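Report on one structure; see the data block that follows.
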Protein chains: 2
Amino acid sequence: MEFRLIDRIRERTAQLREDVRLGIGDDAALLTVPLGQELAVAIDTLVGGVHFPHDTAPADIGWKALAVNLSDLAAMGAAPAWALLALTLPQVDPARVDGLAEGFAQLAREYGVALVGGDTTRGPFCLSVAVHGFVPPGQALTRAGACVGDAVFVTGTLGDAAGGLRLALGERPFDPADEAHRMLRARLDRPIPRVRAGLALRGFANACIDVSDGLLADLGHLCAASGVGVEIDADALPLSPASCTVFGEGPARELALAGGDDYELCFTVPPARIAAMQAALDGQGCRVTRIGRVVEGQGVSLAGGGPAPQRRGWDHFPG
Amino acid sequence: MEFRLIDRIRERTAQLREDVRLGIGDDAALLTVPLGQELAVAIDTLVGGVHFPHDTAPADIGWKALAVNLSDLAAMGAAPAWALLALTLPQVDPARVDGLAEGFAQLAREYGVALVGGDTTRGPFCLSVAVHGFVPPGQALTRAGACVGDAVFVTGTLGDAAGGLRLALGERPFDPADEAHRMLRARLDRPIPRVRAGLALRGFANACIDVSDGLLADLGHLCAASGVGVEIDADALPLSPASCTVFGEGPARELALAGGDDYELCFTVPPARIAAMQAALDGQGCRVTRIGRVVEGQGVSLAGGGPAPQRRGWDHFPG
């Protein structure tokens, strides 16, 4: 089925990458990985009504489909290079396709990502994106390197996207004239992958993960991969003024612990490297907050408060 | 959502590839492309009721999702290496997941393909697979190199999968005791990607494409990319005895011209290299048939019969 989506994105991302020997239009793309670089690859799917509310603007969906994948590369400390896009749509819909292409292309241009292949199919609305990035051997950030005594940091603020979802679902009436409401909804619809922060963390972070399912859930993955525990200071969690204003500080803290879709980076740093790490991240204009420490044991607990609530971070909402 | 699909495939494909530095389980996989090789990448989606009948066995679906992608690598003359799998399922269904994993893993083992990443999501049933392969620089087969005077060849037989689809849709009653019926259905459900033939064609074929949408449609793509025309001898098309027996020779020939999903390779070879090409393909146990020639002009025509019927190769069937 021909939606011309791939062409429309190609038209909007007409940039040459010398490492693309043959782009869209043949049975496969032909690509060159630079000498001395490893390839980092990831794939993620967005389903309408599961990963974004049905009323989400097509441009936001196109943006988000790429953003959640670039966030995976960011969490590895990899530099983005190429993407593949598989789109399934119930029918040809030029306005929707144009919007998807525009949002995808905006973010692709921002990070110099070339769309090198795609597939368009008739069926229920969903998008799968695969991304490829480069990282020098041995320098990738993984979930597995956290050491007892490391400090735990997070970029940006947490819980905003979950707040935006509450507004999108009407649990709290969305007021488009309210700047805080708009900011929270934008955090849900247009997540900013922390690509530059991930690159800056090479050599400083012992372990790293992106917060997609929620802090508790994702830190749990990091703990399991590293064979350690983490103790969080809930009072230290970085909350946005918007979230505190709209929901109040207590509920905002709950959203920060358990809400998903923030796409911030959570990482651990040995004490001796904290100052240098902070200088490097400051250079990227990226605020980081110390939220806890790596301890012996397993799983995530709250400082002074026993084990953290065992909630799933991100219960995808009904379609 | 946790279907354990990725784990189930990993358990079934426990093979080491030294080029996989970090496999499934982190935010991205880390991979090494061998020195002196380019990377070939492709992505394809299968949607239930669009790309396979709803009664298709899960193991066949898992197989086919990988097969149609390996066919893209075959058409480039690339050696398969890695795959990513994004699965969307309406609900957790262990029997279906086990079947999908088994079929996918069977084909992955056959070609030494490592599953290096994946994503499982709740939603309408579909699968997207991205594949990666290697090809020495300058040796990839593309759609663009066909020259006037080249002979046009195709591997195997054509029209069988389209015949299998007719049986699957009940246009002709399917008789499971009939060997010809079973063969045609198997061609639809378990396509064999022509990976070894694609590798053997390096250095012989000027242009190559895989027959996924139907011979007329796909040869049309090759003509457009190469800026040439192709004249087909319809009488020369390779038909299987099963297709001729079940449908009769005339309808079987129509299926061979317009039917999709065969995943044979169609390629052009300069006259001086035909003998060497045939020796190389014989060495792979792969039958090839000369079906026409590259001519000046554009588009596909039938020898002695004017332009070929302008039908779409593969009208996906209603869900």
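Here, each number is a calculation from the coordinates, and none is a lab measurement. Since we're looking at a predicted model, the values are computed, not measured. Methodologically, a virtual Cβ is constructed for each residue, glycine included, from the backbone with ideal geometry; neighbour enumeration extends over all protein chains shown.
What's the average, rounded to a whole number, of partner chain beta-carbon atoms within 10 Å of each residue's beta-carbon in A:129-139? Spell out each step's value before the answer.
Details: counts 5, 11, 3, 6, 1, 0, 3, 0, 3, 2, 0.
Taking all residues of A:129-139 together, the mean is 3.
May I ask for the percentage of alpha-carbon pairs in chain B that lie more than 26 Å from each other? Intermediate results must be reported in sequence, preceding the final value.
Working: 23995 of 50721 pairs.
Every Cα pair in chain B considered, those over 26 Å come to 47 percent.
Return the Rg/Rh value of the stretch B:178-286, two decimal places, where both radii are evaluated on C-alpha atoms and Rh is the Kirkwood radius. Walk me through the intermediate numbers first.
Details: Rg = 14.7 Å, Rh = 15.1 Å.
Here the Rg-to-Rh quotient is 0.97.
Angle between the Cα long axis of helix B:94-110 and the longest principal axis of chain B, 0 to 90 degrees, nearest 10?
60 degrees
Provide the descending list of Cα extents for the protein assembly as shown along its principal axes, expressed in whole angstroms.
83, 47, 44
Relative contact order (percent) for chain A, with alpha-carbon contacts under 8 angstrom and 6 or more residues of separation? Please list the in-between numbers first.
Values: 754 pairs, mean separation 74.1, N = 319.
It rounds to 23 percent for chain A.
When the scattering of the stretch A:102-252 is computed by the Debye formula from its Cα atoms alone, each counted once and equally, what is log10 I(q)/I(0) at q = 0.10, 0.11 Å⁻¹?
Log10 I(q)/I(0), no solvent term: -0.49, -0.59.
Can you tell me the 0 to 90 degree angle between the C-alpha axis of helix A:274-283 and the longest principal axis of chain A, rounded to 10?
Relative to chain A, helix A:274-283 is tipped by roughly 40 degrees.
Compare A:A276, A:A83, A:A105 in a GNM of chain A, Cα atoms joined below 10 Å, and give the one with the largest fluctuation.
Its mean-square fluctuation being the largest, the pick is A:A276.
Residues of the stretch A:82-118 with backbone nitrogen within less than 15 Å of a virtual label 7 Å along the Cα-to-Cβ line of A:D7, please, listed as ranges.
Under 15 Å, as judged by backbone N against the label point of A:D7, lie A:92-95, A:97-98, A:101, A:118 of the stretch A:82-118.
Output the peptides A:190-202, A:281-293 sorted from most to least packed, where packing is the average of other Cβ atoms within 10 Å over each peptide's residues.
Working: A:190-202: 23.1, A:281-293: 17.2.
Descending packing order for the listed peptides: A:190-202, A:281-293.
Measure nothing but the geometry: give the 0 to 90° angle between the long axis through the Cα atoms of B:58-76 and the longest principal axis through the Cα atoms of chain B, rounded to 10°.
50 degrees
Just the number, please: percent antiparallel of the DSSP beta bridges in the stretch A:2-135, rounded to the nearest 5.
Numbers: 21 of 31 bridges.
So the antiparallel bridges amount to about 70 percent of the total.
Explain nothing, just the number: relative contact order of the stretch A:2-135, from Cα pairs under 8 Å at least 6 residues apart, as a whole percent. Before the final figure, lay out the partial values.
On the way: 265 pairs, mean separation 55.4, N = 134.
Averaging sequence separation for qualifying contacts and normalising by length gives 41 percent for the stretch A:2-135.
Within a 10 angstrom radius of the beta carbon, how do B:M76, A:M277 rank from fewest other beta carbons to most? Can you show the working numbers first?
Working: B:M76 29, A:M277 20.
By the 10 Å Cβ count, ascending: A:M277, B:M76.
Exposed loop sites here are GluC sites (Glu not before Pro) in DSSP loop states with at most 11 other C-beta atoms within 10 Å. What is the longest stretch of chain A lacking them?
Numbers: sites that count: A:E2, A:E18, A:E171, A:E296.
The segment A:19-170 is the longest one with no such site.
For B:82-90, what's the mean count of beta carbons from other chains sitting within 10 Å of each residue's beta carbon? Walk me through the intermediate numbers first.
Values: counts 2, 1, 8, 2, 9, 2, 9, 0, 2.
Average per residue, whole number: 4.
Fewest Cβ neighbours within 10 Å first, please rank A:H181, A:H54 accordingly. Walk me through the numbers before you get to the answer.
On the way: A:H181 20, A:H54 9.
Neighbour counts put them in this order, fewest first: A:H54, A:H181.
Just to verify a number: FRET efficiency for A:C147 and B:A186, C-beta to C-beta distance, R0 = 51 Å, to 0.05?
On the way: r = 54 Å, r/R0 = 1.06.
According to the calculation, E is roughly 0.40.
Other chains' Cβ within 10 Å of A:115-127 residues: what's the mean? It would help to have the intermediate numbers written out before the result.
Numbers: counts 0, 4, 7, 4, 11, 1, 9, 6, 13, 11, 2, 9, 3.
Partner Cβ neighbours, averaged per residue: 6.
With a bin width of 10 angstrom, please list the P(r) values of the stretch B:2-135 as percents of all Cα-Cα pairs, from the 0 bin to the one holding the largest distance.
Histogram of Cα-Cα distances, whole percents per bin: 13, 47, 32, 8, 0.
Placing unit charges on C-beta atoms (Lys and Arg positive, Asp and Glu negative, everything else neutral), compute the dipole magnitude of the stretch B:2-135 about its Cα centre in debye, rounded to 20. Walk me through the numbers on the way to the answer.
Working: 10 positive and 17 negative charges, 19 e Å.
With only Lys, Arg, Asp and Glu charged at Cβ, the dipole is about 100 debye.
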